[in-house]
Each structure stands twice: as structure tokens, then as C-alpha cells.
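The structure appears right after this line, and notes come after that.
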Amino acid sequence: MGLFSKIAEEVPCTVEVSHRFESLHAHVRFNNGAVVYPGDEVLVHGAPILAAYGELIVEDRQATITRASLLERLWTRATGDFGFMELCEFSFSEEVTL
Amino acid sequence: MNAQNPDIAAETPIVPEIDSTATTAMATETTMLNPRFYTTDFDEMDRVDVSSIRPEWDKLIAQMKSDPNKGHFKKNADWDKIDWAAMDPKLRVEFIDFLVSSCTAEFSGCVLYKEMKRRGNNPDICELFNYMARDEARHAGFINDALREAGVAVNLGFLTKAKKYTYFRPKFIYYATYLSEKIGYARYITIYRHLEANPDQRFHPIFKWFKEWCNDEFSHGEAFALLMRTDPKLTSSFANKLWIRFFLTAVYSTMFVRDHARPEFHKALGVDIEWYDQEVFRKTSTIARQVFPIEVDIDHPRWLPNLRRMRDAFGQMDAGKRKGGVAGWLGKMVGGAKAATAFVSLYTIPVIKREPPKNVRLEPIY
């Protein structure tokens, strides 16, 4: 990993989107066990996966993981904590006026 | 980690960009939310050792495994029909904001918990996060259904957009999600009890589900309380106590500002926002004595006046943003400075010292 350079990896993945009453979720599983680190970027290829209500879609796709440069990784690790309020639930959006 | 073991596939859940576009003539708004993707120090999570709290831990996990709320999130005869078209438009906008934000929060919780489950190698941690992810996905599905009735469709076609991963240290996840889950419990139970006494103000059936719902939030909070107990430094070192104080002040004041920005919602429920928020703070602070060595003094003479200042400052910043131009920019800056001053004043209110009990576990009693 270079200080500034980024490396892109092509990874096969399985996408699961559940748009059902009993569960609303969406996941991407990297089939080769690839791991995402701070600052990395993930792009799933192909058309948007649109699950209609009641539908569960499981599809094999390709994804590109663009690895963060060393500097970006360190920066993300150092500053990520400041976004902690995103982890909190307040029932309402941050918009002051709707 | 999974990288060293290619046989195990790493699954990475993703936070959705919920694009609620109008599907009926009634719904006209589009709500776009910026998704974030989290990662944490999974090696540190793997090192968590629950042996010092094993009996309490096993009891909590057994309770989650038994899934007491499995049958709860179903629509039955109690789910009254709502005439959305007849709802006051201002109330409708605020209530939709409530549903969309809550749905996204549940979904984001699911994503975070699932991520921790999939990337971890610590069986205790993985089991816990698996159950919590299950609950959150279930809650999200339930709210989504209420949104559909209102003519708001949730678009899950976000997966094919580029997503960047940010980072939180595990302790930040503990503090933030512990507080979030316990505040969630206090918020829901306070509304539930209020509507129990004033059923005529229940303008939507979803509030009837809040009691069992918030028990899930409560037990998730219990899990984070136990996790914090596995490393006493997390709640006892000087720096961490300052962090806890910061979290409490930031979360309480944000809640105050956001609730006051939704007057129609609270008016329809017949709830005085200041009373409600103080009530939620009081319950949360009482519960948080189980693990935090300090408590914010919400009866201090500086508390409410500075929360109100903060609320007004946010209003001023928003007005400036809307106005635009130099005058708008200036308004935003002045508002920002006022908010910062109010926050400092809140943060420096002397805290109440507490001695967390030997046994950390609590039951929901409100």
C-alpha cells in the first residue's frame, strides 16, 4: 500500500436485498473473503437492484474495492470518531424545517 | 480475521440510501438520506473477554435467543385504519419524517451489528450482534410497512453506488449505541405511557407497539452496558469520563433541538416537548447509573436556559442557510457561535458523581 497510491480490486460478490415485512435489510458478501478497511470504497457493478415489496433478491455480482492510500486510511482512522452522532437515533431527521 | 481465511466469506452489509418517492398522489416528498459505512477495530472486538461477567452475559444472550418479541411485530385487529388524506398536512410531514428517520436508524443499526457479527471471530460477540441485527431488521420492516400505507415507498436500489467506509473505535460505538438504545427505550416508553393515559391522542396505531418494541432497545442497551463492564477503564479513566460527559451533553442537546423542530407531532400527541425531553433525560440518566460514573445535572439552573439557547441558535443557522447571501452567511455564523457557547455552558455544568453498582443488569420497569 502506497502513501498516496490507490489500488482497485475486482471481487465477486453476492448481494442480498430483503424488502419484506419481516425483515428490511441489504448486504453485500465478498465471495473471496475480501475485507474492507477504513477509507476503502466499494462499488457493486450493474443495474440497481430493485426489490419490490415482499421480495427477497439474492444475486451474484462483481464489485470493485478501491483501497484507500496509507494516508487516507490513517486519516479515516483518526477522524472517523467525530461522526459518532450518526450512530445515535433521535427519531427525527436533522432538518430544522421540513 | 477473515482475510487470513479465504474459506470464510466476509459479508459487508450496507446502509441504504432511502429514497422515499411518491407512489400515490398523496405523497409528494422525496427523502434522500446520505448513507455511511462503518468499520471498526475488529481485532480489538475479538479480544473482548466476557468471562468476568459470564453469568449475566449468558442470561442476556439466552433471553435474546428465546426471541420474546418474535410474534409481536405483526399487524392485528389493533392496527386501526388511518385516513392519511384527512391528516393535517403539517402533521403528516412531521410524522413521515419520524417514520423515515426511525426506519433508517433501525436499518443502520442492523447494518452496524451485522458487520460486527460477520467480521468478528469472537463467538460471544458474534452471537450477540446476530440477535441485535435480527431485531433491527424486523423493526425496520415494521416501520416500512407503515410507510407504505402512507404512500411512501422505500427504494433499496442504492447498492450499486460507490460507498466509502469510515471508522469508529469500538469504545465510541459502545458509548454512542448504549446511549442511543437507552434513550430509544425512554422515548418510546414515555410516549406509550402517555398515550395509555390519553388514548384519544393516539393518532396512529404504531404507538401501540412501542412497549414491546422498546424492550428490544432496552436489552440491546444492556448488552452494551455489559460490554463496557468487560474493560473497567472504559468508564473509569479520566479521559473516558470526559468523553462520556461529552456524549451525554451532545446527545441530550441534539435530542432537545430536534424534538423542538417537530411541534405538530408533539402537539398531536398532546405532549409538551420540554416536559417530554426532561422526562426522557431523567429516565435515561437513572438507567445509565448502571454503567456511567457520572450523570449530567438536568435540574441545574444553567441546563434548560442553555438548551433553549441552543435550539434558537439552530433556528437562526437554518434561517441563515435558507436566506443565503452575505446576510444569510452572517446569520449562520452568529447562530453557530451561539450554539457553541451554549454547548460549552452545558458541558461545564458540574456533573453528579455516581458509583455504578456491582451487578450491572437492569430490567425495564417504566
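The values are calculated or read from the model by the stated rules, or taken from the named source; none is laboratory data. Everything numeric here is computed off the predicted structure, so don't read it as measured data. Because the Cβ atoms are built from the backbone with ideal geometry, glycine has one as well, and the counts that use them run over all protein chains shown.
Which numbered condition in (1) surrounded by fewer than 17 Cβ atoms within 10 Å (Cβ to Cβ); (2) over 14 Å from residue A:10 (Cβ atoms); (3) at the interface with another protein chain (Cβ under 7 Å from one of its Cβ atoms) is the only one that residue A:70 fails?
(3)
Residues checked against (1) among the β-branched types (Val, Ile, Thr); (2) more than 30 Å from residue B:57 (Cα to Cα); (3) in contact with a strand residue (DSSP E or B) (Cβ under 8 Å, 6 or more places away or on another chain):
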residue: B:278; (1), (2), (3): no, yes, no
residue: B:282; (1), (2), (3): no, no, no
residue: B:316; (1), (2), (3): no, yes, no
residue: B:319; (1), (2), (3): no, yes, no
residue: B:328; (1), (2), (3): no, yes, no
residue: B:342; (1), (2), (3): no, yes, no
residue: B:349; (1), (2), (3): yes, yes, no
residue: B:352; (1), (2), (3): yes, no, yes
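So that you can scan it fast, the table gives a plain yes or no per residue for (1) at pLDDT 95 or above; (2) not hydroxyl-bearing (Ser, Thr, Tyr):
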| site | (1), (2) |
| --- | --- |
| B:179 | no, yes |
| B:191 | yes, yes |
| B:210 | no, yes |
| B:217 | no, yes |
| B:235 | no, no |
| B:239 | no, yes |
| B:243 | no, yes |
| B:246 | no, yes |
| B:249 | yes, no |
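If residue B:141 satisfies all but one of (1) within 25 Å of residue B:42 (Cα to Cα); (2) facing another protein chain (nearest Cβ under 7 Å), what's the number of the condition it fails?
That leaves (1) as the condition not met.
State which residue pairs qualify: first residue under 30 Å from residue B:279 (Cβ atoms) and among the basic types (Lys, Arg) and inside the range B:304-327, second residue in a helix (DSSP H, G or I) and modelled with pLDDT of 95 or more in any location, beta carbons under 7 Å apart, and separation of 6 or more residues or different chains.
From the range B:304-327, the pairs are B:309/B:338; B:309/B:342; B:311/B:256; B:311/B:257; B:311/B:260.
Six or more apart or on different chains, Cβ under 9 Å: which pairs go from a residue in the range A:36-58 that's more than 7 Å from chain B (Cβ to nearest Cβ) and within 19 Å of residue A:21 (Cβ to Cβ) to one that's surrounded by 12 or more Cβ atoms within 10 Å (Cβ to Cβ) and polar (S, T, N, Q)? Could you list them?
From the range A:36-58, the pairs are A:55/A:18; A:56/A:18; A:56/A:23; A:57/A:18; A:58/A:14.
For residues that are modelled with pLDDT of 90 or more and within 10 Å of chain A (Cβ to nearest Cβ), tally how many sit in the range B:105-135.
Residues in the range B:105-135 being modelled with pLDDT of 90 or more and within 10 Å of chain A (Cβ to nearest Cβ): 2 in total.
Within the range A:25-84, track down each residue that is assigned to a strand (DSSP E or B) and β-branched (Val, Ile, Thr).
Across the range A:25-84, the qualifying residues are A:28, A:42, A:44, A:57, A:58, A:64, A:65, A:66.
When only residues in the range B:156-191 that are closer than 28 Å to residue A:61 by Cβ and more than 7 Å from every other protein chain (Cβ to nearest Cβ) count, which is nearest to the chain's Cα centre (by Cα)?
Selected residue: B:158.
Pull up the range A:12-27, narrow it to residues that are of a type in the set (Gly, Ala, Ser) and within 7 Å of chain B (Cβ to nearest Cβ), then point me to the one that is farthest from the chain's Cα centre (by Cα).
Among those that are of a type in the set (Gly, Ala, Ser) and within 7 Å of chain B (Cβ to nearest Cβ), it is A:23.
Can we say residue B:260 is crowded, with 19+ Cβ neighbours inside 10 Å and farther than 23 Å from residue B:60 by Cβ?
Taking the combined requirement at face value, the residue satisfies it.
For the range B:284-307, give me the residue count where each residue is surrounded by fewer than 18 Cβ atoms within 10 Å (Cβ to Cβ) and in contact with a Phe, Trp or Tyr (Cβ under 8 Å, 6 or more places away or on another chain).
Within the range B:284-307, residues that are surrounded by fewer than 18 Cβ atoms within 10 Å (Cβ to Cβ) and in contact with a Phe, Trp or Tyr (Cβ under 8 Å, 6 or more places away or on another chain) number 1.
Considering only the range B:57-83, state which residues are among the aliphatic types (A, V, I, L, M) and either exposed (fewer than 10 other Cβ atoms within 10 Å of the Cβ) or touching a strand residue (DSSP E or B) at 6+ places or on another chain (Cβ under 9 Å) (or both).
Correct list: B:62, B:77.
Could you tell me whether any residue of the range B:350-357 is touching a Ser or Thr at 6+ places or on another chain (Cβ under 8 Å) and closer than 21 Å to residue B:248 by Cβ?
yes
Does residue A:9 qualify as being more than 7 Å from chain B (Cβ to nearest Cβ), farther than 20 Å from residue B:120 by Cβ and in a strand (DSSP E or B)?
yes
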